[in-house]
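The values are calculated or read from the model by the stated rules, or taken from the named source; none is laboratory data. Quick caveat, the model's predicted, so the values are computed rather than measured. For neighbour counting, all protein chains shown are included, and Cβ atoms are generated from backbone atoms with ideal geometry for every residue, glycine included. To get the accessible areas, we keep the full protein, side chains included, count just its heavy atoms, and leave off ligands, DNA and RNA. Shrake-Rupley method; radii C 1.70, N 1.55, O 1.52, S 1.80 Å.
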Amino acid sequence: MYGFPELAAGQREAIQSARRVANPGCYATGAIALLRPLIDAGLIPVDFPLCLPSVSGYSGGGRPMIEAFEQGTAPAFELYGLGLKHKHIPEIMACSGLTRRPLFVPSVGNFRQGMLVQLPLHLDLLPGQPSADDLQQALARHYANSDWVKVLPASPDNKLDAVALADTNQMELRVFANRDAGDGFRHAVLVARLDNLGKGASGAAVQNLQLMLGL
């Protein structure tokens with residue numbers, strides 16, 4: 001059983017009764033949280049070409065990466081997985097419903113914990129040309145009863161701090177858009193913010209254990 005209780009209706013109950021639960025990957029958690037509600041709502045086709053630029057704290061990279069950053073020998077910011085075959089891609093596709101492989105570009109920054117997963121969209125190229133409000137409302141409906149996933153308005157300054165949710169199991173989803181671009185093209189960027197070691201890893205594991213143990 002896939003251990004993302006907020007994935008779809010009935011997922012929480014399925015985890016409660018499961019004997020074995022697979023904990024989600026950190027990047028996959030953010031990507032699926034954005035994609036699955038929009039695909040289920042018919043706003044994004046399963047074969048639509050998508051890109052998922054993302055950044056994580058270095059604590060998700062294992063001992064060599066952690067030591068390199070903490071000893072000051074790692075770069076301040078680094079793209080990786082540029083062979084475009086990252087291990088989270090099959091997970092993202094399987095649990096979001098995508099049939100076309102997304103262009104997933106992960107990166108790591110010089111901070112210990114935190115994660116931003118982005119989903120840029122050309123709204124005028126999507127079937128039905130949904131608005132940013134349509135996307136926001138679809139996310140809000142999906143997570144209306146969630147304890148840990150919150151759909152929030154775009155930040156007033158159009159900025160997001162990657163480490164704001166460190167040491168928590170919270171995940172925040174936002175829709176940013178250029179509503180007054182004036183050139184006829186409508187863009188949106190959806191962003192999931194979470195702690196790569198919280199909701200993206202051990203926090204999710206504890207959440208699933210509590211469900212399985214009835215706590």
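Note on region 69-89: residues that are among the small types (G, A, S) and buried (at least 16 other Cβ atoms within 10 Å of the Cβ) amount to 2.
One line per residue, one yes/no per condition, for (1) closer than 15 Å to I44 by Cβ; (2) open to solvent by 30 Å² or more (accessible area, probe 1.4 Å):
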position	(1), (2)
S107	no, no
Q113	no, yes
L152	no, yes
A164	no, yes
L173	yes, no
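Could you check L34 against (1) in a helix (DSSP H, G or I); (2) open to solvent by 10 Å² or more (accessible area, probe 1.4 Å); (3) not aromatic (F, W, Y) and say which number it fails? Status for L34: all satisfied but (2). A Cβ distance below 8 Å, combined with a sequence gap of six or more or placement on separate chains, defines the contacts here; from region 93-104, residues that are closer than 10 Å to P45 by Cα reach residues that are among the charged types (D, E, K, R) in the pairs G97/R36; G97/D40; L98/D47; T99/D47; R100/D47. Would region 1-15 turn up any residue that is closer than 21 Å to V117 by Cα, open to solvent by 30 Å² or more (accessible area, probe 1.4 Å), touching a strand residue (DSSP E or B) at 6+ places or on another chain (Cβ under 8 Å) and outside any loop (DSSP other than H, G, I, E, B)? Yes. Examine region 141-164 for a residue that is within 25 Å of E6 (Cα to Cα), in a helix (DSSP H, G or I) and either at pLDDT below 95 or within 18 Å of the chain's Cα centre (by Cα) (or both), and state whether such a residue exists. The answer is yes; a qualifying residue exists. When E78, E91 are screened for being charged (D, E, K, R), within 23 Å of Y58 (Cβ to Cβ) and within 15 Å of the chain's Cα centre (by Cα), only E91 passes.
Checked against (1) open to solvent by 30 Å² or more (accessible area, probe 1.4 Å); (2) in a helix (DSSP H, G or I); (3) among the β-branched types (V, I, T); (4) under 21 Å from L121 (Cβ atoms), I92 passes all but a single condition, namely (1).
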